[in-house]
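Please treat every number below as a calculation from the coordinates, not as lab data. Since we're looking at a predicted model, the values are computed, not measured. In this analysis, Cβ positions are derived from the backbone assuming ideal geometry, glycine residues included, and neighbour counts consider all displayed protein chains.
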Amino acid sequence: MINLTINGQAYQAEEGATILDIARKNNIDIPTLCYMEGVSDVGSCRLCMVEVEGFSNLLPACRTKAKEGMVINTESETLQTYREDMLKLILSNHNLDCMSCPGNGTCELQNLCNRYGIKHAEHKGARHKIEKQLPILDSNPYLSYDPSKCIHCMRCISVCHNIACNGALKNSRSGVFHIVDAPFGENYKETGCETCGNCAS
């Protein structure tokens, strides 16, 4: 066991546990969008960043293993501002037509924006300019993918590789043209997709 301090409170934890593991075990809320316990810790959303004494930079709680004597802050004015900025950055390249979205009301991004008081993107990112070049992929009779609603959390890919274990999904293209190369098209069955639905759940 190791000893550490989170938000001024002393805790003990198993060696090798991440800061996020320990926080969740002790009902300390750290926001995430990309993390899935036991499935994905890619750290792409950057919302779980925390302050650790002795480090000048913020550290991702989902990927940072706790060490003996660590002193961690999960809430501060700096972190509040940082998380607000990250949410605004995500929204700047996101289709904001929430009312027509099937996820409206149950959307994790929407919930976090409400929590941090983010009502709109302050500017439009480069991805908005090329949305029409990223058409909705819906040739698969069971799944569809709208790139304009994708926040690049990578959870669907992680689930496909680590739970379904068939690797049908992968990243495709780069930069603002990034999409999840889903099993679509006439030969979608050849990708290994079993239409299990885990990627969409």
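Points worth noting:
- When you filter the trypsin sites (Lys or Arg not before Pro) in the stretch 1-73 for DSSP loop state and at most 14 other Cβ atoms inside 10 Å of their Cβ, you are left with ARG63, LYS67.
- Qualifying GluC sites (Glu not before Pro) for the stretch 1-93 [loop in DSSP, other Cβ within 10 Å: at most 15]: GLU14, GLU15, GLU37, GLU53, GLU68, GLU75
- Gain in span if fully extended, ASN111 to CYS98, counting 0.36 nm per residue against the direct Cα distance: 3.5 nm
- GNM top mover of HIS161, HIS94, HIS120 - the chain, alpha-carbon springs below 10 Å: HIS120
- Straight-distance crosslink candidates among aspartates and glutamates, where the alpha carbon sits under 20 Å from LYS129 and sequence neighbours closer than 8 are dropped: ASP97, ASP146
- Listed candidates [x] 55; [y] 46; [z] 59 - label of the one calculated as percent of Cα pairs over 22 Å apart: [x]
- DSSP bridge orientation in the chain - percent antiparallel, rounded to nearest 5: 90 percent
- For the Cα trace of the stretch 1-106, dividing Rg by the Kirkwood Rh returns an Rg/Rh value of 1.03.
- Of ILE72, ILE163, ILE151, the residue with the greatest mean-square motion in the GNM of the chain, using alpha carbon springs below 10 Å, is ILE163.
- Kirkwood radius and radius of gyration were both taken over the C-alpha atoms of the stretch 76-124, and their ratio Rg/Rh is 0.98.
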